[in-house]
1. So for the protein assembly as shown: antiparallel DSSP bridges make up what percent, rounded to the nearest 5?
2. How high is the FRET efficiency between A:LEU114 and A:LEU232 when r is their beta carbon distance and R₀ equals 41 Å, given to the nearest 0.05?
3. Please compute the Cα-Cα pair-distance distribution of the stretch A:2-252 with 10 Å bins starting at 0, giving whole percents from short to long.
4. Using Cα springs under 10 Å in a Gaussian network model of chain A, which residue among A:TYR193, A:TYR61, A:TYR226 shows the largest mean-square fluctuation?
5. Can you give the charge dipole size of chain B about its Cα centre, rounded to the nearest 20 debye, using +1 on the beta carbon of Lys and Arg and -1 on the beta carbon of Asp and Glu?
6. Of the options A:THR76, A:ILE45, A:GLY65, report the single residue whose Cα projects farthest towards the positive end of the charge dipole of the stretch A:40-98 (beta-carbon charges: Lys, Arg +1; Asp, Glu -1).
7. Write down Rg/Rh for the protein assembly as shown, rounded to two decimals, with Rg from the C-alpha atoms and Rh from the Kirkwood relation over Cα pairs.
8. Report the dimensions of the stretch B:106-150 along its three principal axes from the alpha-carbon atoms, largest first, rounded to Å.
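Here, each number is a calculation from the coordinates, and none is a lab measurement. Note that the coordinates shown come from a computational prediction; the quantities given were computed from them, not determined experimentally. A quick note on method: Cβ atoms are made from the backbone with ideal geometry, for glycine too, and the neighbour counts reach across all protein chains shown.
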Amino acid sequence: MWIFEYRDLIQVLTISNLKIKYQSSVLGFAWSLINPLFMMIILYIVFSGIFKISEKQFALYILIGIVTWRFFTSATNLGMISIVSQPGLVKKIFFPREILVFSSVLSCLISSLLEFAVLFCILIILQVSISSSILLFPIIILIFFGIAYAFSLGLSSLFVYYRDLNQIWDVLLQAGFFLCPIVYPITVIPEKYLDIYMLNPLTVIMEIFRDILLNGIFPPLWDVVYVSLWGLFLLIFGHYLFSRLKIRFAEEV
Amino acid sequence: MTGPSDDKETPQTAIVVDHVSKKFRIPLEKKYTVYQHLFGIFKGGYYSYNEFLALDDISFTVNHGESFGIIGPNGSGKSTLLKLIAGILYPDKGYTRAYGRIAPFIELGVGFHPELTARENIFLYGSILGLKKNQIREKYDEILSFSELKKFENMKIKNFSSGMTARLAFATAIQTDPDILLIDEMLAVGDEEFNYKVVEKINEMKEREVTIVFVSHALRLVQQYCSRTLLLSKGKIIQIGDTSQVIEKYLQITREHQ
């Protein structure tokens, strides 16, 4: 298995990604924390007025949504360009191409975990009751990582052949932002659409995170099984697509 | 021109190339975007590309410890052949096989990141070439002293001269210690003194019976290093065998073309 065989390369590539990302900015990693906090404040001011909020602690509700969503967008955006942005490596050196995608998504996960760490601190400061359900957090993050990596596998291999895919993905992400319960409570969704609305695995993941972080309860077991099945399905599909398309990577990048 | 003895695999065989063909698609109109593809469907002529046969039914073997040259005019398929052996490209027909640890690179210095320091790049580049982290740590001082860059350990690569970058690349790459080394064009990288060290290293590798496949236009170097050589032209094998004879053949067909 390449993940094990090339673990040193994955580690070095991931750390290099992070170094390059943060070293050219003055505040470095601090941006990763300032950005979501500002987003939270702005969105809270705008949307708490629009929806007569029944959610307790709506600001924290939004913040969990933003941190979750930011991982998905940054991972898929960075993952998508990971093959095309390294033409030299792809054309001149042999190694499993999945590593480029994997290490990109992994570096985004590390950034995101630091954001989650700050989120934990805020939760503790605001004395939100944290229960043992928080032990589920690593498992959910792992499933979420699988989903983002699977999307990135598909996107990165298609992007080699279709260079405006990033524009399309950008639009889809913008739609996704409003199709997920980030800035509004789920209670605003009309009853008759709720079943369809809850099919979205990202929606379910956000709800699980809110259950374990904000509400301090265990999420419904079925929800966890449901997103796991999505992750498995997407990984199989993404891997299949990548394996089919990688054959001509060295000719097309 | 491949004799039956060339096709036979023996325990001495390091590399097998068996009836390999490789086609490249040359699009008539380069369609790189979804928009262009959709538009192309309405206009018709969706599959508008020519096929270019870069390699046509190539078979040969290289033995362990042999230095094997590949020569031929530009566009004859030399680099394509090397990439197929390395596993970077996939053949359309036939197969290639390598027995032993094959170096994964065909060109030096690809994989350096300009924004990282020499130290960080040794770890990055070394890992890309397949070294483990503790191996790099062990060899770290040796790499720096061989490339004569000890003073510049913490300088970013973007401030390096091309010669310094190439020295660092070579010094790191030789630590991969492969059984089979693929070289696309010689490493005319540094000043005379460094080139002398490069030649010494390659001689040392030959003594250790490292198999070397060497693509070059520098016929003098091919003559000097390779016992057997393959002459390619337009994707076909023209001649394979003793280096002096193959080079003579190459010069002969070059003269005929003029």
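1. Values: 24 of 38 bridges.
The antiparallel fraction comes to roughly 65 percent.
2. On the way: r = 28 Å, r/R0 = 0.67.
Computed FRET efficiency for A:LEU114 and A:LEU232: 0.90.
3. Spelled out per bin, shortest first, that is 7, 28, 35, 21, 7, 1.
4. Looking only at A:TYR193, A:TYR61, A:TYR226, the largest GNM fluctuation is found for A:TYR193.
5. Details: 32 positive and 32 negative charges, 178 e Å.
Dipole size: approximately 860 debye.
6. Of A:THR76, A:ILE45, A:GLY65, it is A:THR76.
7. Working: Rg = 27.6 Å, Rh = 26.2 Å.
The Rg/Rh ratio comes out at 1.06.
8. 21, 21, 20
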